[in-house]
Amino acid sequence: MDWADDSEQAAFRARVRNVITTSLPKRYSGGDGEEEGSWERDRRSPVAEHKKAAEDWTKALAQQGWIAPHWPKEYGGAGLSPMEQFIFKQEMAASGAPSVGGQGVSQLGPTIIIHGTPEQKAEHLPKILSGEVDWRQGYSEPGAGSDLASLQTRAIRDGDEYVINGQKIWTSLAHYADWLYALVRTDPDAPKHRGISFLLMDKHTPGLSIRPLIDMSNRHHFNETFFEDVRVPVRNRVGEENRGWYVGMTLLDFERSNITGAVNGKRTLDRLSAYLKTNEGKAKSPGAKANRLAIADRYIEVDVMFNFSFRIISMQTRGMVPNYEASVSKLFNSEMSQKIALTGTRVFGLYANIYDAKDERAPMEASMSTSYLRSVSSTIAAGTSEIQRNIIATRGLGLPRG
């Protein structure tokens, strides 16, 4: 397969690379741009240098219209084609540049563009683009994860307000949020996919509280969110009452290739290979031949992931909608990331048990060790591997359900 850029694509890629080369703050250069929260953390940092890095990078992207590359131009986005979005994400991931705007840009903005009222668009879209307001998603519950439509957080209509009671879990980066968007049950007697509404709420509304969930890598990424008689104006409902499930599942026609997974996997393997060529790396990695074979296998998997990504973007470019193909990509990417992390820990043997990046004995600043711990969730988050296999079986292979 020939995945070479045509002349227009090559020109756009060169433009993206030039902006990154000339404008990306040194703090982000060569980092892990896909570690969600790097931009959010810095924009609220008490360290002036870190805060300035986030602000400078935001301004650089805003000047190009790339804060929201997939939004239509009339709403302040760049209106990039699927292929241009693909190239943009590929170059961002290759450089380690962080995305800007969080879930407000990636998820809520497109939802409001399609389903929001003119007043909601005028109130929220400009603040998302400027970075003034950070949004986080309230979907999963203790008893509703993979089967999200079983959610039980209750919203009862009281005049011009909803009164909300219940709990959300795994609320990523809610401690950085200014506002939340959530799916709540407004009709408990309706079929489970109906009777759900989509609400917007200020995080500082009385009765709304957030508690941290510290993961096993000692990272504060997830949170629990509790609602105790939280009052939200009816005007903050997006879409019709009891039709929020369909609002929440909305996606614009933007890039779904998982190209960042392939790029980040290759960057990790390149870094691991380079380290193993140093004297320190050789000293801390027993079993050189086995290591070479394992790393070679991972490189092959990364190449396969690149091909999955290109297949999906080629479909979108032709106006096709990836269905089970996106599940194949997500499934392969999730399991590939776990294999890369596991290979990294096996390469270093007992040294992989050191998780303190400041410990001089830790290979690669303990990055492979922490990646291993964090990779556990990759086959659970955003749709478990079991669900992806079910989609592939039923929609891709035509197998019966059950």
Check: From the backbone phi of segment 242-250, what are the Karplus-calculated ³J(HN,Hα) couplings (6.51 cos²θ - 1.76 cosθ + 1.60, θ = phi - 60°) in whole Hz, Gly and Pro given as x?
Finding: 6, 10, x, 4, 6, 5, x, 8, 5
Next item on the list: Could you tell me the distance between the Cα centroids of segment 119-192 and segment 286-343, to the nearest Å?
Entry: 33
Note to self: List the GluC sites (Glu not before Pro) within segment 299-369 that DSSP assigns to loop and that have no more than 13 neighbouring Cβ atoms inside 10 Å.
What the structure shows: Glu360
Item checked: Whole-angstrom gap from segment 203-240 to segment 370-392, using each part's C-alpha centre -> 24
Next item on the list: For segment 7-100, please report how many Lys pairs fall under 22 Å Cα to Cα, leaving out neighbours fewer than 8 apart on the same chain.
Entry: 8
Notebook entry, point to check: Going through segment 301-402, which trypsin sites (Lys or Arg not before Pro) have at most 15 other Cβ atoms within 10 Å and a DSSP loop state?
Noted result: Arg318, Lys358, Arg361, Arg401
Notebook entry, point to check: How would you order 44-50, 351-357 from highest to lowest mean count of nearby Cβ atoms within 10 Å?
Noted result: 351-357, 44-50
Check: Ranked by Cβ crowding within 10 angstrom, fewest neighbours first, how are Glu386, Glu74, Glu40 ordered?
Finding: Glu74, Glu386, Glu40
Check: Pairing the Cα long axis of helix 118-130 with the longest principal axis of the chain, what angle in degrees results, from 0 to 90 and rounded to the nearest 10?
Finding: 30
Check: What does the charge dipole of the chain about its Cα centre add up to, to the nearest 20 debye, if the Cβ of each Lys and Arg holds +1 and the Cβ of each Asp and Glu holds -1?
Finding: 940
Next item on the list: Return the long-range amide H neighbours of Thr250 (sequence gap of 5 or more, or a different chain), with a cut-off of under 5 Å between placed amide H atoms.
Entry: none
Next item on the list: Measure nothing but the geometry: give the 0 to 90° angle between the long axis through the Cα atoms of 82-95 and the longest principal axis through the Cα atoms of the chain, rounded to 10°.
Entry: 50
Note to self: For the chain, what does the helix formula give at 222 nm: sum of -39500 (n - 2.57) over DSSP H segments with n ≥ 4, over the residue count, nearest 500 deg cm²/dmol?
What the structure shows: -13500 deg cm²/dmol
Check: Which of (i) 20.9, 67; (ii) 21.9, 80; (iii) 22.0, 71 is the computed Rg and Dmax of the Cα atoms in Å for the structure on display?
Finding: (iii)
Next item on the list: With everything on Cα atoms, drop me the angle between helix 324-348 and the longest principal axis of the chain, reported from 0 to 90° to the nearest 10.
Entry: 50
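Read-outs: derived from the displayed coordinates by stated rules, not from any lab. Quick caveat: nothing in here was measured; it's all calculated off a predicted structure. When we count neighbours, we look across all protein chains shown, and the Cβ atoms used for this are built from the backbone with ideal geometry, even at glycine.
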